[in-house]
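Comments concern the structure below.
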Amino acid sequence: MTSMEFNHKLNTLTSLLHSFAYNLTKNTEDAKDLYQETTYRALFNRDKFQQGTNFKAWMFTIMKNIFINNYRKKVKANTILDTTDNQFYLNSGTHATTNAAEGDIMLKELNAMVDSLDASIRIPFLMHFEGFKYQEIADELELPLGTVKSRIFFARKELKDKIMTNYGFHPN
């Protein structure tokens, strides 16, 4: 493929690539950076594109891989390693006591709110909360998958409304 053909194909995908980049990043500036990096890598590796291959898929794969690599770098950069010698805390001479009463009260209230849900939505919600997958819940309760998903959605919505009401939060 000649340079002109390659550039023409790349130009026809510009708007799609911008949209895909924004869909991945959810940020206009990051999307522009991702598009620019993708274009650079495609142009730099033009010789690696094989004739007869889906050009659009090749470009989208490059973009997705760049996004994933950047995401992994960002997560790794935000990881904090604590290299403090734990003996310091043992020998510091201060004693810290935690009081979990407020958290316990809130947890009891939340459990009461969950318990007050109708059984038809409470049971799927609790199973999902305990780690069951939607399909496992559907199989266990002998319900269609869509029904399970909607019941969990309605349980979440009802709990959200109860929390908003009980704790004085009012949605805008």
*Any chance PHE132 is of a type in the set (Phe, Trp, Tyr) and in contact (Cβ under 8 Å) with a residue 24 or more places away in the chain*: no
*If you take the residues in region 1-26 that are part of a helix (DSSP H, G or I) and charged (D, E, K, R), which one is farthest from the chain's Cα centre (by Cα)?*
GLU5
*asked:* I need a count of the residues in region 56-83 that are modelled with pLDDT of 90 or more and farther than 20 Å from LYS26 by Cα.
replied: 3
*Somewhere in region 88-101, is a residue part of a helix (DSSP H, G or I), surrounded by 10 or more Cβ atoms within 10 Å (Cβ to Cβ) and modelled with pLDDT under 80?*
yes
*Go through region 38-72 residue by residue and tally those that are surrounded by fewer than 17 Cβ atoms within 10 Å (Cβ to Cβ) and more than 23 Å from THR2 (Cβ to Cβ).*
7
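The values are calculated or read from the model by the stated rules, or taken from the named source; none is laboratory data. Treat the numbers as computed from the prediction; the structure is a model and nothing was measured. Cβ sites come from the backbone with ideal geometry, for glycine too, and all protein chains shown count toward neighbours.
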